[in-house]
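Following: one structure in structure tokens, then a few remarks.
The values are calculated or read from the model by the stated rules, or taken from the named source; none is laboratory data. Just so it is clear, the model here is predicted, and its values are computed rather than measured. Every residue, glycine among them, receives a Cβ derived from its backbone with ideal geometry; neighbour counts consider all protein chains shown. Heavy atoms of the whole protein, side chains included, go into the accessibility calculation; ligands, DNA and RNA do not. Shrake-Rupley method; radii C 1.70, N 1.55, O 1.52, S 1.80 Å.
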Number of protein chains: 2
Amino acid sequence: MNFKQLFLATITTSLITFGCSAEQNEWRSLAPEKTVLLTLPHGKVVIELAPQFSPKHVEQFIKLTQSGHYNGNKFYRVIDGFVAQAGPVDGSNADKSVSTLKIEGDWTVDANWSFTQVQKNDLFSEQVGFKGGFALGYNPSESKAWLLHCPGVIAMARGNEADTASSHFYFTNGQAPRYLDRIMTVFGRVVYGMNHVQAITRTSVIKGDIAIDSKEHTPILAMQMMSDVPELERINIEVKNTEHPAYSEMLAKRRKRPSAFFFKKPPPVLDICQTPVASRVAK
Amino acid sequence: MNFKQLFLATITTSLITFGCSAEQNEWRSLAPEKTVLLTLPHGKVVIELAPQFSPKHVEQFIKLTQSGHYNGNKFYRVIDGFVAQAGPVDGSNADKSVSTLKIEGDWTVDANWSFTQVQKNDLFSEQVGFKGGFALGYNPSESKAWLLHCPGVIAMARGNEADTASSHFYFTNGQAPRYLDRIMTVFGRVVYGMNHVQAITRTSVIKGDIAIDSKEHTPILAMQMMSDVPELERINIEVKNTEHPAYSEMLAKRRKRPSAFFFKKPPPVLDICQTPVASRVAK
């Protein structure tokens, strides 16, 4: 818990004590030092990093971001319904100078570990749920948990070997490629501007269609830590607190679909990657 | 089977007979009279209709398309990761003049019914698979099948009552909202230009963000049946034949992930909505 969260939690506790609304801690503010502002030619994207799950990848991504490594990089591999991948020119000095990372695809949990469970018997894992706003898989039989490849996550690309990721990254932009879970390192997720991620120029076309010239590849105008952005230019995002009872209530309601629109109720199951964790722009 | 398919099938049979490649019927050509060309300001989209599954919705959609009903309509409800919905101005004469449709959300199948099975024990249905390139759910216990809400399908919007769809339609643009399966009528899917569907201006923003002016809503420049488009301006699409043995072989391979990239193999399951049915532009 960072200072701002602690501050908010303290205030909210006081409000509850005095009988006021607990609305405030249904949301949590993102810490600027673990939030990224990506500026594309057509709009801004905010990414929440997940150092609590993928510490070494986040550490390297922050270091690279602050060194200006990503500024001017291109999205050179953009496949509709799959991924938008960016990084320095392959084999360039900027590319070769970055050290490789040991994969952080999953981690071991102990008996006290918990998360906000969404569904059992998901197609790819024994359980799925949220922790700190991130969608996770959890196999109690293995005592393992991991971040899921839901749409809008950011993960590090790699070669064939497990520990070969360095600085090239991708956003998932279509139906969750869950088969990549645990064998890639997801290290954050888009909390604002996913529409701009979706508008990144596709570099891959179907057979027989006109190829995209590399000059048209979407560039990264700037990649900055939000803490390095002047306060007036920041986009301050708050995200639903998936540990708050109100979030579990939302899940229970969503499972039942009480709205009259559902003249016939769907199966009482939830696809974790289709279950929203809402964001809002802070006042 | 339309004439062109029959023609191709005949040729291919001849080729097989003479020991040549059977590659040709791994693909099937789309019939122009059941294919739609949607022109957006930023690009063209091709939709394959599914009269074999949703005959009355397709019939009405073709009639409306040919009458010019959709030309100039706006995408007035566009939510990232969910749907892009368009139609005439609510309550306008053009809107009110369209008759409502009986829902075609699922249908009864007999003992001889078959499809290319992809997965059993999918989260939302007993079985899932493809038929004619479309992703279907199938519950043998009910003898029911239905079209799935995978990304890129087109379905008719409706009011709270089942049989209230008329002309407003939506494309799914994010993780499959499978909870809408069977209670909405899916009647086609995008086979070309999904990147342009993804670039439709979102009309919905998160709390605290700047609202989108309705003047910015993406218009439909033209909606035409491909058969009404001059031949030289057509986009002729071929789609993988999901009934061909080569498609089943692809599925089996995809389940096993033989590539060296998979240093650890994922669970041998397939998410139907993340399983591609490739398109190509015909020569």
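Rounded to the nearest 100, the interface formed by chains A and B buries 4300 square angstrom of accessible surface, both chains summed, with a 1.4 Å probe. The residues neighbouring A:Leu37, those whose beta-carbon lies less than 9 Å from its own, together hold a net charge of 0 under the Lys/Arg +1, Asp/Glu -1 convention. Just the protein heavy atoms count here, and of the accessible area of the protein assembly as shown at 1.4 Å, carbon and sulfur take up 55 percent. Shielding value for A:205-216 is 3, the average number of Cβ atoms from other chains within 10 Å of each residue's Cβ. Using the average count of surrounding beta-carbon atoms within 10 Å as a protection proxy, the listed peptides B:208-217, A:121-130, B:221-230 rank, highest first, as A:121-130, B:221-230, B:208-217. Near the amide H of B:Ala282, within less than 5 Å, lie the amide hydrogens of B:Asn236, B:Ile237, B:Glu238, all on another chain or at least 5 residues away, with H placed in the peptide plane.
Seen through its C-alpha gyration tensor, with square-root eigenvalues sorted a ≥ b ≥ c, segment A:171-278 comes out oblate because a/c lies at 1.5 or above while a/b is not bigger than b/c.
Per residue, segment B:208-267 exposes 60 Å² of solvent-accessible protein surface, assessed with a 1.4 angstrom probe and all protein chains in place. Each Lys or Arg adds one and each Asp or Glu subtracts one; over the other residues with Cβ under 15 Å from the Cβ of B:Met225, this totals -2.
When the alpha carbon coordinates of segment B:49-110 are projected onto the principal axes, the ranges are 42, 31, 18 Å, largest first. In nanometres and ascending order, the distances from the B:Pro219 label point to those of the other copies are 3.3 (point 7 Å from Cα along Cα→Cβ). Inverting the pair-averaged 1/r between distinct Cα atoms of segment B:224-283 gives 14.4 Å as its Kirkwood hydrodynamic radius. Out of every Cα-Cα pair that chain A contains, those further apart than 23 angstrom amount to 58 percent.
Restricting the calculation to Cα atoms, segment A:111-181 shows an Rg/Rh of 0.99 when the hydrodynamic-style radius is the Kirkwood one.
Each label point was placed 7 Å from the Cα along the Cα-to-Cβ direction; for A:Ala282 and B:Ser143 their separation is 6.0 nm. Its Cα gyration tensor gives the protein assembly as shown an equivalent ellipsoid. The semi-axes, each the square root of 5 times an eigenvalue, are 39, 28, 25 Å from largest down.
A compact globular protein would have a Cα radius of gyration near 2.2 N^0.38 Å; the ratio found for segment A:56-169 is 1.23.
Measuring nothing but how far apart in sequence close Cα pairs (under 8 Å, 6+ apart) lie, relative to its length, chain A scores a relative contact order of 26 percent.
Overall, the ratio between the Cα radius of gyration of segment B:153-206 and 2.2 N^0.38 Å, rounded to two decimals, is 1.22. Label separation (A:Lys207 vs A:Thr164): 2.7 nm, computed from points 7 Å beyond Cα along the C-beta direction.
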